[in-house]
1. Looking at B:Ala80, B:Ala12 in this structure, which one is out of contact with any helix residue (DSSP H, G or I) (no Cβ under 9 Å at 6 or more places or on another chain) and modelled with pLDDT under 95?
2. For the list (1) farther than 16 Å from A:Ala177 by Cα; (2) more than 13 Å from the chain's Cα centre (by Cα); (3) not hydroxyl-bearing (Ser, Thr, Tyr), I need the number of the one condition that A:Leu111 fails.
3. Look at A:Leu164 and say whether it is more than 9 Å from every other protein chain (Cβ to nearest Cβ), part of a loop (DSSP other than H, G, I, E, B) and either of a type in the set (A, V, I, L, M) or touching a strand residue (DSSP E or B) at 6+ places or on another chain (Cβ under 9 Å) (or both).
4. What tally of residues in region A:92-131 results from selecting those that are out of contact with any Ser or Thr (no Cβ under 9 Å at 6 or more places or on another chain) and either without any contact (Cβ under 8 Å) to a residue 40 or more places away in the chain or of a type in the set (Ser, Thr, Tyr) (or both)?
5. Consider A:Ala122 carefully, then state whether it is over 15 Å from the mean Cα position of the chain (by Cα), crowded, with 19+ Cβ neighbours inside 10 Å and over 30 Å from A:Trp25 (Cα atoms).
6. Which of (1) more than 11 Å from the chain's Cα centre (by Cα); (2) in a helix (DSSP H, G or I); (3) at the interface with chain B (Cβ under 9 Å from one of its Cβ atoms) does A:Ile178 not meet, given it meets every other one?
7. From the residues in region A:181-202 that are within 8 Å of chain B (Cβ to nearest Cβ) and aliphatic (A, V, I, L, M), which one is surrounded by the most Cβ atoms within 10 Å (Cβ to Cβ)?
Amino acid sequence: MSAQAVPVHSRDHAAAHGHSDYNRWAATMRLGLWLFFVSDAFVFGALLVTRFYLLGLHRPHLEQWLGLIVTSVLLVSSFFMNRAEVQISAGNRKGFLTNTLITMALGITFLVGVVGVEWQQAPFGPGDAAQGAVFYMMTGMHALHVLTGVIFLLIVYLKGRKGLYTAERHWGVEAAAIYWHFVDLVWVFFYPALYLIGTVIE
Amino acid sequence: MKEKTEEMLSPAPHTVIDKSAELKQGIMVFVGLAVLTLIEYFLGVAQVSAATIVLLWLIALLKGGLVLFFFMHVLRVFRADGGH
């Protein structure tokens, strides 16, 4: 049966049914993603507990201005990620692509700031007592997640350029956005734990 | 095919209004997070008293809550249809 032979109301019903199926599928995928976040949160939670167990109310000697800059960069990236998701759900593909690109650029800037600058400037190495182990493990694990997020966004960007996402169907974009915000959420707790809480270790 | 894609991408008027509100909400949340980050930075640098630690944790929890609810849309997980 050709598409033209199907009555209009039947096609509308089929489209609505398909959309409903898609929403149910997306809800299942969303639940799976959140279960992954819960398991991943245990890893980051363990790192946070380790930091306070080993260092107590002392913190590593780090550049405060650099900590604020990288934190701000990640915060701004979350803002643009949110915009990218809203734009695709409004059907604005160009806006989605632009905001995704900006998010990726800011993610790379964060990585350069932490791994390229902070790691080089820190007056201790990974093997220098507890503060070295804590600092490099926490920032390294987080940076690995940021790198994964950038790769995730690159895949979503390339698929978006091909027009594979629509206002109604863009689970891939939503998943990438939630993942990116999760990485931001982790840094919300890592930033004060590493840079702000306690007195500096001399 | 091209026409079909563009048709799917063109938003309905009510959608434009909804999304405009979502964009504004994103800006408000971002401003809130930025202000809280600045407050915790100055609290951390000053280290006035032991109570500072409690304040820093409270600010971090507040920021985390904002990210969870407005950026990560945690409540969508509990919706049966999973729609936006």
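The values are calculated or read from the model by the stated rules, or taken from the named source; none is laboratory data. Just so it is clear, the structure is predicted and the values come from calculations on it, not from any experiment. Glycine gets a Cβ as well: all are built from the backbone with ideal geometry, and neighbour counts include every protein chain shown.
1. Working: B:Ala80 fails: out of contact with any helix residue (DSSP H, G or I) (no Cβ under 9 Å at 6 or more places or on another chain).
Going through B:Ala80, B:Ala12 in turn, just one is out of contact with any helix residue (DSSP H, G or I) (no Cβ under 9 Å at 6 or more places or on another chain) and modelled with pLDDT under 95: B:Ala12.
2. (2)
3. Numbers: more than 9 Å from every other protein chain (Cβ to nearest Cβ): yes; part of a loop (DSSP other than H, G, I, E, B): yes; either of a type in the set (A, V, I, L, M) or touching a strand residue (DSSP E or B) at 6+ places or on another chain (Cβ under 9 Å) (or both): yes.
Against the criterion (more than 9 Å from every other protein chain (Cβ to nearest Cβ), part of a loop (DSSP other than H, G, I, E, B) and either of a type in the set (A, V, I, L, M) or touching a strand residue (DSSP E or B) at 6+ places or on another chain (Cβ under 9 Å) (or both)), A:Leu164 qualifies.
4. The number of residues fulfilling the criteria is 15.
5. Values: over 15 Å from the mean Cα position of the chain (by Cα): yes; crowded, with 19+ Cβ neighbours inside 10 Å: yes; over 30 Å from A:Trp25 (Cα atoms): yes.
Considered against the rule, which asks whether it is over 15 Å from the mean Cα position of the chain (by Cα), crowded, with 19+ Cβ neighbours inside 10 Å and over 30 Å from A:Trp25 (Cα atoms), A:Ala122 comes out as yes.
6. Status for A:Ile178: all satisfied but (1).
7. Across region A:181-202, the extreme among qualifying residues is A:Val188.
The rows are residues; the columns are (1) away from every other protein chain (no Cβ under 12 Å); (2) under 21 Å from the mean Cα position of the chain (by Cα); (3) at pLDDT 95 or above.
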site	(1), (2), (3)
A:Leu35	no, yes, yes
A:Ala41	no, yes, yes
A:Phe52	no, no, yes
A:Leu57	no, no, no
A:Gln87	no, yes, yes
